[in-house]
Every structure is written in structure tokens, then in C-alpha cells.
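Report on the following structure.
The values are calculated or read from the model by the stated rules, or taken from the named source; none is laboratory data. As the structure is a computational prediction, the values presented were derived from the model and not from experiment. Don't worry about glycine lacking a Cβ; one is built from the backbone with ideal geometry, like all the others, and counts go over all protein chains shown. Note: accessible area is taken over every heavy atom of the protein model, side chains too, but ligands, DNA and RNA are not part of it. Shrake-Rupley method; radii C 1.70, N 1.55, O 1.52, S 1.80 Å.
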Amino acid sequence: MFEKGKSYTREEIHAAVGGNKHSYLPRYKGRVVAACLRPDLNPDAPEVILCNSCPPERAAGEQLASQGGAIPVFLKQGADSWTYQGLFRVADSETHPDVCAPHAARSAWTRGQIKRVLRMERQS
């Protein structure tokens, strides 16, 4: 479906997997179908995804943590340029504030905004 290292627009990603093209964890039919991550908000991506406290994104983080399977992960490179990193699955999910705080300190999020840290494992 996607070629590793190639850049795609959000419209192309949305057309291929569905979900809300404005969400960094778009969902379709009850599943998270991709991760579209900004390096300033997710500095350790694609190996770590930080989930914020916004209700829809918090719910998407909970869904991804429990759904199983791999999703395509993209990193933002430009205005509407997202580079495909490969397929990743959740290896671990942490919600304790002491785990979230160091990740928040390295990102544009504040300590109180990060509610979940997802450690990802490359599948392809």
C-alpha cells in the first residue's frame, strides 16, 4: 500500500486507510488506521507515540493500545508531506505521570497534556 521512505499527502493517506485526515491517530470503523506524527510533538517517533489529553485523541490512544495489529506510521516532513516509516504495532502502553513526564519534557507538549506513552515495535 505504501512505500517505505516515500512521502504522501494527508489526502493520499486518508484515501488509502480512511479516518479523520486531521487527527494524528485517525480512526475508521472503530480502529486506529494510521499514525501521522509531528516530530515536535513526538520527538521519539516512530518508536514512541505520545497521546495527549484531548478527548478524541485520548480515546484514539486507548483504542490503539488495545486493538492489536500493525498500523502504517508517517512522520511529517513539510506542509503536507508525510514520510512513510513502515508498519508498527504497540509493544507497550504506559499512563503513569512519571513515565509520561520525561517524554513531555522533550516535546512541544506540557507535562499535563501527555496522558499515554505508546512504545511501538516495527513490523516491516
Members of the stretch 110-124 found to be crowded, with 20+ Cβ neighbours inside 10 Å and over 11 Å from Val48 (Cα atoms), listed by number: Ile114
Only listed residue being part of a helix (DSSP H, G or I), in contact (Cβ under 8 Å) with a residue 40 or more places away in the chain and open to solvent by less than 50 Å² (accessible area, probe 1.4 Å), chosen from Gly86, Gly61: Gly61
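Rundown of residues vs (1) modelled with pLDDT of 95 or more; (2) in a loop (DSSP other than H, G, I, E, B); (3) over 14 Å from the mean Cα position of the chain (by Cα), yes/no style:
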{"position": "Ala15", "(1), (2), (3)": "yes, no, yes"}
{"position": "Lys21", "(1), (2), (3)": "no, yes, no"}
{"position": "Leu25", "(1), (2), (3)": "yes, yes, no"}
{"position": "Cys36", "(1), (2), (3)": "yes, no, no"}
{"position": "Asp44", "(1), (2), (3)": "yes, yes, no"}
Matching residues in the stretch 69-83 - criterion: being more than 11 Å from the chain's Cα centre (by Cα) and open to solvent by less than 40 Å² (accessible area, probe 1.4 Å): Gly78, Ser81, Trp82, Thr83
First in the stretch 17-46 and within 15 Å of Leu87 (Cβ to Cβ), second anywhere and among the basic types (Lys, Arg), Cβ under 9 Å, 6 or more apart: Val33/Arg27; Cys36/Arg10; Cys36/Lys21; Cys36/Lys76; Leu37/Lys76; Ala45/Arg38; Pro46/Arg122
Looking only at the stretch 1-13, and only at residues there that are in contact (Cβ under 8 Å) with a residue 60 or more places away in the chain and surrounded by 13 or more Cβ atoms within 10 Å (Cβ to Cβ), the one that is nearest to Arg122 (Cα to Cα): Phe2
Filtered residues of the stretch 14-45 (kept if among the charged types (D, E, K, R), surrounded by fewer than 16 Cβ atoms within 10 Å (Cβ to Cβ) and more than 13 Å from Ala108 (Cβ to Cβ)): Lys29
Residue in the stretch 101-110 that is charged (D, E, K, R) and under 12 Å from the mean Cα position of the chain (by Cα) present: no
